[in-house]
1. Express the relative contact order of the stretch 13-71 as a whole percentage, based on alpha carbon pairs under 8 Å and six or more residues apart in sequence.
2. Exposure proxy check: 60, 137, 128 ranked by fewest other beta carbons within 10 Å?
3. Using alpha carbons only, how many angstrom separate the centre of the stretch 264-325 from the centre of the stretch 22-39?
4. Taking the Cβ of each residue in 276, 220 as the centre, tally the other Cβ atoms inside 10 Å and list the residues starting with the fewest.
5. Give me the angle, in degrees from 0 to 90, between the Cα long axis of helix 18-28 and the longest principal axis of the Cα atoms of the chain, rounded to the nearest 10.
6. Quick check: from the Cα gyration tensor, does the stretch 1-121 come out rounded (a/c under 1.5), prolate or oblate?
7. Taking every DSSP beta bridge with both residues inside the chain, roughly what % is antiparallel (nearest 5)?
8. How would you rank 191, 134, 35, going from fewest to most other Cβ atoms within 10 Å of each one's own Cβ?
């Protein structure tokens, strides 16, 4: 199995989602990831539900089981000078640092990039970026997607704006940051510059980058994009149509040839000859009518029948899945998109597999999420050469 980042050491200082996700991506591609956690509480993701129960009856976060996997846990009190010194020593023999503290925090702790090995690549993740009038504002994914304009576009036209169902900005920023980290590693190593750099990745920026034509249309047309629900103002038919058995089926038939195929599937071959539906532009102008025709057809059939008929006629279609459908789907199983991770606390648990893959070869299944501080002695002794006496003294002083 290919692991292109083998030999790269990453220090994950993050908490919650964005920075740890960045480190996790690098880890799944072969890097060694050492998670630096507060000795008292660790990553706050450990406290996020949903929870299951371990063999001793203690609650255990399934969120942590997924997002904490594939790394070693080392506890260091970064608020103490001794802990800061330990971190600087670890950073001197590492390649990447991922952090998402509020801007200025690492500077106060004397462990910002200017005080670390210049070979390091540091991914600094925040809500608004390291500079600017709002850089010190506190906030989370909810704030980022609202600020970048995505919340305004999410939901139905006659309803309030809605936050997407997942912390989109956290995960997007983690992905963008990981890509930028690998770019700087390439520049440092393959191009031979010998120096790393800083990735300034901020939550709202990743969302803003995927906002399609929204800003361009405002600039040139003065238009302010609005919510369209599951439909589109630019093409039809397109929607999540409810079936007779109460499910929803996504049908996309906006191209002329595909629309004609859909009409055949619906038993309505005469529709393309109707001037209201004779071209994509005509259907755009009559989108409510054509979407309603498809909705009425779908309401009389079970979801599986709608899907089968559309597939038989070459119409893009898919039943709207919940998680039980996802894990049972033959395509997901064939691709190995769900793997079983051996969690050290709760044992084998199914999770989403590492993604993407190289040469169609799945990446190795990650190690389970570590217990808090599970690898402190191992890492500090093997990487920094600390003796058992030194480790005990640090533990007694509350540094680790």
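A short reminder: the numbers here are calculations on the coordinates, not readings from a lab. These numbers come from a predicted model, not from an experiment. Every residue, glycine among them, receives a Cβ derived from its backbone with ideal geometry; neighbour counts consider all protein chains shown.
1. 37 percent
2. 137, 60, 128
3. If you average the Cα positions of each part, the centres end up 46 Å apart.
4. 220, 276
5. For 18-28 against the chain, the angle is about 90 degrees.
6. Since a/c reaches 1.5 but b/c is at least a/b, the shape of the stretch 1-121 is classed as oblate.
7. 45 percent
8. Least crowded to most crowded, the residues run 191, 134, 35.
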